[in-house]
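Trainee: The structure follows.
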Amino acid sequence: MGARFKMFWPLLMVVVFVTACDRDARDLRLWVAEESQRPGEPIDPIPPVETAEVVAYEADNLRDPFQRQAARAEDDVTDVGTGDGPRPDPDRRREFLEGFPLDTLAMVGTLRIDGVDYALIRDNENVVHRITEGNYLGRNHGLVERVTASRVELRELVQDGRGGWSERRVQIAMDEA
C-alpha cells in the first residue's frame, strides 16, 4: 500500500490545489467586475512649480572671511603688498601635488636612494608619489624643507589679507594606518 500511496500522492496534491485555486479565482473575478463598474475618483492637479527667487551676489567687494582680518589703517606703517617679504614665484612651473589640499595627502612611507631621503605621499586617488626636499605640494605654495622618517616639513606662503604674503610652517606626519 505504501508504494501505491507514493504514486498517487502527487496527483492528489494537484487536484487539491486546482480546486482551491478555482474557488478563489471566482471571488477574484467577481471583485474585479464590481470595481470596474465604480467610477474612479478625480486626481488632484499637479501643483504649479514655484520659481526660485533670483538673488544678485553683492559681497564680492567684502573681506574674505577665511583670511585674517587686515590691521586698522592707523596701525599700517608701510604697505605690506609692496614690501620685500616672501612671495611665490609667478614664473615657477607648478608641480602635480600642488593641485591637492594638504589634508587630502598622507605620508605612507620613506625611501632612501643614493643618500637622498624621499617621502612617499598618497593622494586622495590612492596614487603614491615620491617627493624630496625642494619639491612643492599643497595649494599654498608648500615647499618641502625637510624629509624625516616620521614627517615631511613644509613652508607655505599664504596671503595675509592686506595684499602681502606670510610664511607658515606645516608638516605631514606618517600615516598610522
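No value in this document is a laboratory result; all are computed from the given coordinates. Everything numeric here is computed off the predicted structure, so don't read it as measured data. Every residue, glycine as well, gets a Cβ built from its backbone with ideal geometry; the counts of neighbours run over all protein chains shown.
Trainee: Determine ³J(HN,Hα), in whole Hz, for all residues of region 28-37 in sequence, where each value follows from phi through the Karplus function 6.51 cos²θ - 1.76 cosθ + 1.60 and θ = phi - 60°; x replaces Gly and Pro.
Mentor: Taking θ as phi minus 60°, the curve returns 5, 4, 5, 5, 4, 5, 5, 5, 5, 6 Hz for region 28-37.
Trainee: Here is a further query. Long-range amide H contacts for Asn140: which residues qualify at under 5 Å (H placed 1.01 Å from N, peptide plane, sequence gap of 5 or more or a different chain)?
Mentor: Those lying under 5 Å, H to H, from Asn140: there are none.
Trainee: In what order do Met107, Met13 fall by count of nearby beta-carbon atoms within 10 Å, going from fewest to most?
Mentor: By the 10 Å Cβ count, ascending, the order reads Met13, Met107.
Trainee: Find the relative contact order for region 96-173 and round it to a whole percent, using C-alpha pairs within less than 8 Å whose residues are 6+ positions apart.
Mentor: That works out to 25 percent.
Trainee: Here is a follow-up. Can you compute 3J(HN,Hα) from phi for each residue in region 49-64, using the Karplus curve 6.51 cos²θ - 1.76 cosθ + 1.60 with θ = phi - 60°, rounded to whole Hz and x for Gly and Pro?
Mentor: Running phi through 6.51 cos²θ - 1.76 cosθ + 1.60 with θ = phi - 60° gives 7, 7, 7, 6, 6, 7, 10, 7, 7, 10, 9, 6, 9, 8, 5, 5 Hz.
Trainee: For Trp165, what residues show an amide H to amide H distance below 5 Å, using hydrogens built from the backbone and excluding near sequence neighbours?
Mentor: Asp160
Trainee: Also, quick follow-up: So, R0 is 22 Å and r is the distance between the beta-carbons of Glu95 and Gln171; what FRET efficiency does that work out to, to 0.05?
Mentor: Efficiency at R0 = 22 Å is approximately 0.75.
Trainee: Something else: Step through the residues of region 87-94 one at a time and calculate ³J(HN,Hα) from phi using the Karplus curve (6.51 cos²θ - 1.76 cosθ + 1.60, θ = phi - 60°), rounding each to whole Hz and writing x for Gly and Pro.
Mentor: 7, x, 7, x, 8, 6, 6, 6
Trainee: Sticking with this structure for a sec: Can you give me the long-range amide H partners of Thr110? Hydrogens built in the peptide plane at 1.01 Å from N, cutoff under 5 Å, separation of 5 or more residues or another chain.
Mentor: Excluding prolines and chain starts, which carry no amide H, the hits are Leu120.
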